[in-house]
Amino acid sequence: MNPLYIIYIHLVINNMIQLIVSVSLFILSYTVYNMNTSFCRILILIALFTTENTPLNLACMAVECYIAVCLPLHHNRICTVRKTRILIGLIWIITMFSVLPDLFVTLATEPITFFNSKVFCLRETVFPNPHLIKKRDVMNPVYLITVGLVIVYTYFKIEFAAKSTNKDARKARNTILLHGVQLMLCMGTYIMPTLRHMTRKHFPKHFTDASFAGYIVVQILP
């Protein structure tokens, strides 16, 4: 099996779960409004795992296209099925290091009554520790810059190769460009918490509408 197909299948399954959970969250938020904190936390964790996996998946697919076009003699040696599965495992490990501290810190710092309370289901309400917000504000730009640089680098390398080689290189270039557009939309995930905070602070009456608009752009369009 082509390693790119393995990453693609992983991305499709990941995005299906992401859409199901995120749609469920929005339906519940609009109909129930406040829900049990523990139940909300489970949904938020699943959404976080799948959402943060997506840009990493796109970056890996871009690198695979780059190797296939710019290093064709080494492609079969570098991009094996075994290494691709290890890469998917690393994606999940990176995501765990990003997401699970929210859960552990909350379990350690919040009182028991908090877990039985009802809140409007957002990451900030179920993981309210201010240190977690600071962690997110540091890690999100790191994700943004790292994955963005990977996409830009691979696109331009393939662009140069496409000018002097065959149709396959041009096809790979267009694929990377598509990934870049998807990635730009996915990157909205990293700035949405800041925009949501600003909306709640300055336009509280439009907070729900702004959250829904952000959901469409960040979750559905990519």
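The values are calculated or read from the model by the stated rules, or taken from the named source; none is laboratory data. This one's a predicted model, so the numbers in the text were calculated from it and none came from an experiment. All Cβ positions, even for glycine, are placed from backbone atoms using ideal geometry, and neighbour counts span all protein chains on display. Remember, those area values only see protein heavy atoms, side chains included, never the ligands or the DNA or RNA. Shrake-Rupley method; radii C 1.70, N 1.55, O 1.52, S 1.80 Å.
When all C-alpha to C-alpha distances in the chain are sorted into bins of 5 Å, what percent of pairs does each bin hold, rounded to whole numbers?
1, 6, 13, 17, 18, 15, 10, 8, 6, 4, 2, 1, 0, 0
Under a GNM of the chain (C-alpha, springs under 10 Å), which listed residue has the highest mean-square fluctuation: LEU73, LEU177, LEU87?
With Cα springs under 10 Å in the chain, the top fluctuation among LEU73, LEU177, LEU87 is at LEU73.
Only Cα pairs under 8 Å and at least 6 apart count here; give the relative contact order of the chain as a rounded whole percent.
26 percent
Probe radius 1.4 Å, ligands and nucleic acids ignored: give me the carbon and sulfur share of the accessible area of segment 1-156 as a rounded percent. Present the calculation step by step, with values, prior to reporting the outcome.
Values: 6290 of 8260 Å².
For segment 1-156, the apolar C and S fraction of the accessible surface comes to 76 percent.
Among PRO204, PRO101, PRO55, which one shows the biggest mean-square fluctuation in a GNM of the chain, springs joining Cα atoms closer than 10 Å?
Ranking PRO204, PRO101, PRO55 by mean-square fluctuation puts PRO204 first.
When only alpha-carbon atoms count, how far does segment 55-165 stretch along each of its three principal axes, as whole angstroms with the largest first?
Here the Cα extents, ordered largest to smallest, are 64, 27, 20 Å.
Rounding to the nearest 10 and keeping the result within 0 to 90°, find how far the Cα-based axis of helix 81-109 lies from the longest principal axis of the chain.
20 degrees
Build a GNM of the chain with springs between Cα atoms under 10 Å: which of ASN53, ASN174, ASN15 gets the top mean-square fluctuation?
Looking only at ASN53, ASN174, ASN15, the biggest GNM fluctuation is shown by ASN174.
Taking a probe of 1.4 Å, how large is the accessible area per residue of the chain, in Å²? Kindly include the intermediate steps, with their values, before the conclusion.
Values: 12440 Å² over 222 residues.
Ligands and nucleic acids excluded, the result is 56 Å² per residue.
In Å and whole numbers, how far do the C-alpha atoms of segment 1-115 stretch along each principal axis, longest first?
Largest first, segment 1-115 extends 60, 31, 19 Å along its Cα principal axes.
Express in nm, to one decimal, how much length is gained between SER38 and ILE17 on full extension, taking 0.36 nm for each residue of separation and deducting their alpha carbon distance.
Stretched fully, the SER38-ILE17 segment lengthens by 5.6 nm.
What is segment 44-85 by shape, rounded, prolate or oblate, if you read a ≥ b ≥ c off the alpha carbon gyration tensor as root eigenvalues and call it rounded for a/c under 1.5, prolate for a/b larger than b/c, and oblate otherwise?
The shape class here is oblate.
Say each of LEU73 and VAL152 gets a label point 7 Å from the Cα, pointing the same way as Cα to Cβ; how far apart are those two points in nm?
3.1 nm
Subtract the Cα-Cα distance of PHE97 and VAL138 from 0.36 nm times their separation in residues, and report this length gain in nm to one decimal.
13.4 nm
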